[in-house]
Amino acid sequence: MLQIPAWKRILILAVCLVGIVFAFPNAFYNRVEHHNDAAIEIENFGSTPEREAALAEWPSFLPSSLVNLGLDLRGGAQLLVQVQVEDVYQSRMDTLWPEVRDALVGIRDQVGFVERVDNAPEGVLQVRIQNADALSAALTAVRTLSQPVISVTGVGAQTLAVAGQGNVITVQLSEAERSATDDRTLQQTVEILRRRIDPEGVREPSITRQGSDRVLIQVPGVTGEEVKDDIGTPARLTFHPVVNFTSNADAAPGAGNIVLPDAEEDGQFYVLEGTPILSGEDLTDAQPSFDQNGQPSVSFRFNPSGARVFCTYTTENEGALFATVLDDEVITAPQIREPICGGSGQITGNFTVESS
């Protein structure tokens, strides 16, 4: 017969008892999950009767850690979404046309009149000049608009591929820039989906890239319709003047103002003017770049009407903070260092290449 000392028996029983106690919450998975979600929401956003009721579903003196159950054990939603990267190429070309036109107008005495070709292929900008003999000078002027590709794999490459035949100039994104654009678009899509599906950080979804233009979404414990509702609403991008800062989500913002959280820093809130100065509809392009000191930054461009509004506002509010808000979270709030009247500008700060 196996003889085990009494102290070992006690130790084994104690370990088993501790294991049972910490595993016990999983027998009441939904109640404990509601308790945990409510605790996080109360900490981040304050108390409400509904959150207090959910918090009371599980005694606070008991352990509340849960084993993360995947779709195979708990069920849930799995969706595969496709990102229309070709739309990004076309948007870039539409945004580039005014710059190409202005560059060619600068040498109008050589090229003559300038017009955009209407039936150009998707993602391609074609421009017709009057004087075919000035094609070489026109190509040189347009190529000055190209910039270095911002990516690890595209080092040394340029963003634009510019060619010409006869009196037609063809401009499109280079292969290196298309690859970098695809990568940025997919990264941005994954981040936006994560913010939409799991804003409080409690659902533990799996959101991963699949190939060059797809994203796989797996969310335990919800239905596919719930996930579709989360991701189906267009992103709300707005730009607001910053009034103040606060650490209290329930602070009285004042008439006409709103309080929104900082997307990166927990417990930091911004008091903003409720009426936006501009919206995402006024923004035609935004992408990572480098400032004059070689530091990562974000370059952006507004459409003509947005450019006029932005020029007026930055001229009248030099030195003020201007917040970029995505889905009711402040993504960044840089200082207006000088009037910005060219329709484009640059946001600088403590960016890395990845964060920009």
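When the accessible area of the chain is computed with all protein chains present and a 1.4 Å probe, what percentage of it is carbon and sulfur?
With neighbouring chains kept in place, the figure for the chain is 52 percent.
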Residue-ordered couplings for segment 18-27, obtained by feeding phi - 60° into the Karplus form 6.51 cos²θ - 1.76 cosθ + 1.60 and rounding to whole Hz (Gly and Pro as x), are 4, x, 5, 4, 6, 7, 4, x, 5, 6
Gyration tensor on Cα atoms of segment 207-347, a ≥ b ≥ c root eigenvalues, a/c under 1.5 rounded, else prolate if a/b beats b/c, else oblate, says oblate
In deg cm²/dmol, rounded to the nearest 500, the helical mean residue ellipticity at 222 nm of the chain, built from -39500 (n - 2.57) for every DSSP H run of length 4 or more, is -11000 deg cm²/dmol
For the chain, longest principal axis from Cα atoms; helix 175-197 axis from its Cα atoms; angle between them, nearest 10 degrees, is 40
With every protein chain in place, the accessible area of residue 341 for a 1.4 Å probe, in Å² rounded to the nearest 10, comes to 80
Log10 I(q)/I(0) at q = 0.12 Å⁻¹ for the chain, from Debye over equal alpha-carbon scatterers, is -1.05
Percent relative contact order for the chain, counting Cα pairs under 8 Å at least six residues apart, stands at 13
Taking a ≥ b ≥ c as the square roots of the Cα gyration tensor eigenvalues, with a/c under 1.5 meaning rounded and otherwise prolate when a/b beats b/c or oblate if not, segment 111-165 comes out oblate
For the chain, the per residue accessible area (1.4 Å probe, Å²) is 57
Everything considered on the Cα gyration tensor (a ≥ b ≥ c; rounded for a/c under 1.5, else prolate if a/b is larger than b/c, else oblate), segment 257-296 must be described as oblate
Using alpha carbon centers only, segment 260-278 is separated from segment 1-42 by a whole-angstrom value of 42
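The values are calculated or read from the model by the stated rules, or taken from the named source; none is laboratory data. Predicted, not measured: the structure shown is a model, and the values here were computed from it. Heads up: the accessible areas ignore ligands, DNA and RNA and are worked out on the full protein's heavy atoms, side chains in. Shrake-Rupley method; radii C 1.70, N 1.55, O 1.52, S 1.80 Å.
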